[in-house]
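Have a look at the structure below, then the notes.
The values are calculated or read from the model by the stated rules, or taken from the named source; none is laboratory data. Values in this document were obtained by computation on a predicted structure and should not be read as measured data. So basically every Cβ, Gly included, is an ideal-geometry build from the backbone, and we count neighbours across all protein chains shown. Each accessible area value is taken on the protein alone, full model and side chains, heavy atoms only, with ligands, DNA and RNA left out. Shrake-Rupley method; radii C 1.70, N 1.55, O 1.52, S 1.80 Å.
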Amino acid sequence: MPVAKKDVAATGPATGARSFDSPGDTSRDLPKMDNAVKSARRVFDVLEFFEEHQRAASAIEVAAALKFPQSSTSALMRTMTAFGYLHYDTSRRTYIPTPRISMLGHWLSPALFTRGRLINLMDELSEKTGETIMLAVRNGLSAQYIHIIQAKLPMRLHVKAGTLRPLAHSGSGYALLSAYPDKEVRRLVRLINDNEPRPDRQIDIKALLLELKKVRAKGHAFSLGMVTPGAGVVAMNLPPIAESNEPLVLCVAGLNDALMVQEAELADLMRKAIQFHLAD
């Protein structure tokens, strides 16, 4: 499997891995950030850089990857080191998170931070598809990706952990909403529309409810180019599990051409993997 590799070859020989970046925070219910909030946000961006790359890195490398000023990135990482969250290797001039980071959230949901069932499930799908594998939860009026395994294909979609998607206008959001009764969906859409001043971005509740009916019938949501032009997602609700108090959605994301061919195959693969790893 996957068909995606054939599609990539058909477009021409790849001279190296090319990353197709997905837009980051696309939800419009976030507060505007002042300088203090931006500084705090950069701390989490640094930690998510290490979560994604899982190796030591220099301040110069981190600054370049995150498009931050080098001087302020160096100062920030020195501060994080002083507080015990990063370790600095003086001989190599690189940083790496300390075990203190892994302990911060361990008490909330141990299986999300260890090699538990959810991670094993995502690892299997990553190996079998080569595509981007994401775990999403609802965060207010958004869907948010809380854990991501990046794609391994030469042409691949790249999404950062923490990325937000509009709850009523994304594949992951559709999957999350499909688990709610229509009455609750209507309430959430009213809140979304109340926070959206532009008439052209208002959610049509009738059209949304029809779409959610299709999602429930198929057992998964499927979207192409809804948030990221040229890319889409197959999203499926996970059964309630002890590892999380919140509903979770599993997503396989990739480029449109591959997903159009693979939708049914990916959905079947996801169902079988979920049954194998999460059956009680």
Next on the checklist: Here's a check for you: in segment 58-84, which residue that is part of a loop (DSSP other than H, G, I, E, B) and more than 16 Å from I96 (Cβ to Cβ) is most open to solvent (accessible area, probe 1.4 Å)?
Outcome noted: K67
Next on the checklist: If I filter segment 195-226 down to residues being out of contact with any helix residue (DSSP H, G or I) (no Cβ under 8 Å at 6 or more places or on another chain) and at pLDDT below 95, which single residue comes out as surrounded by the most Cβ atoms within 10 Å (Cβ to Cβ)?
Outcome noted: E196
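Matching residues to (1) at pLDDT 90 or above; (2) of a type in the set (V, I, T); (3) in a loop (DSSP other than H, G, I, E, B):
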residue: T15; (1), (2), (3): no, yes, yes
residue: G24; (1), (2), (3): no, no, yes
residue: S27; (1), (2), (3): no, no, yes
residue: A40; (1), (2), (3): no, no, no
residue: D45; (1), (2), (3): yes, no, no
residue: F50; (1), (2), (3): yes, no, no
Checklist entry - Looking at (1) in contact (Cβ under 8 Å) with a residue 60 or more places away in the chain; (2) of a type in the set (D, E, K, R); (3) under 24 Å from K272 (Cα atoms), which is the only condition E196 fails? => result (3)
Checklist entry - Considering A279, A253, which residue is aliphatic (A, V, I, L, M) and under 16 Å from S223 (Cα atoms)? => result A253
Checklist entry - Residues that are among the basic types (K, R): which helices (runs of 4 or more DSSP H) entirely in segment 119-233 hold 3 or more of them? => result 182-194, 205-218
Checklist entry - Among the residues of segment 132-149, which ones are touching a Gly at 6+ places or on another chain (Cβ under 8 Å), within 15 Å of I119 (Cβ to Cβ) and not hydroxyl-bearing (S, T, Y)? => result I146
Item to check | Any chance A267 is open to solvent by less than 10 Å² (accessible area, probe 1.4 Å) and either modelled with pLDDT of 95 or more or in a loop (DSSP other than H, G, I, E, B) (or both) | outcome: yes
